[in-house]
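Just so it is clear, none of the values below were taken in a lab; they were calculated from the coordinates. Predicted model, so just to flag it, every value in this text is computed and none were measured. FYI the Cβ positions are ideal-geometry reconstructions off the backbone, even for glycines, and counts take in every protein chain you see.
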């Protein structure tokens, strides 16, 4: 697992500082492959948030 | 203390379930946590987060149990039916949730508990790091690895 994916996950969790966030968002606009990876990771995050035990209690 | 404990019971049980992957073990863990918290109530600092203190106690008991279990060699597995108590009423959502929980159950324990604390309990990365006694970078890498594994498992 590279630093890049770690940053992508942190971005999707809104846990990146402003500078890192801006830098990564710029890269996501330019890099199609990176954007696909981000979207794939976001889908997994969506699965977690849809899990009832994770949202209902 | 007792009222605070009661409010945290469900969350403690959920944490215990995802650590132990077995409802009966989770119940024992929660019970042991409550007993220890009451016994050591004088060690709790009023005004601080009771949930974090209780989670730390539960984790400590679990680690001790793990050490003992290595000798006994017991294996367990998550039962999604139990994990979904109080869950969503929509069948489709429940099926998906069971899949997600099953996949989470396949993650190694360090990833599993980090996923629970951040996505299940809503702790920030910094809070989870503090609770687990690990650097925030480790939380980040555990979550990234877990999310990648979950994406594969849920395909």
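Please compute the average number of Cβ atoms from other chains found within 10 Å of each residue's Cβ in peptide B:137-149.
6
Among B:45, B:102, sorting on how many other beta-carbon atoms sit within 10 Å of each Cβ, with the fewest leading, yields B:45, B:102. Neighbour counts of C-beta atoms inside 10 Å place A:16, B:54, B:9 in the sequence B:9, A:16, B:54, starting with the fewest.
Going from the residue with the fewest nearby Cβ atoms within 10 Å to the one with the most, A:32, A:6 rank A:32, A:6.
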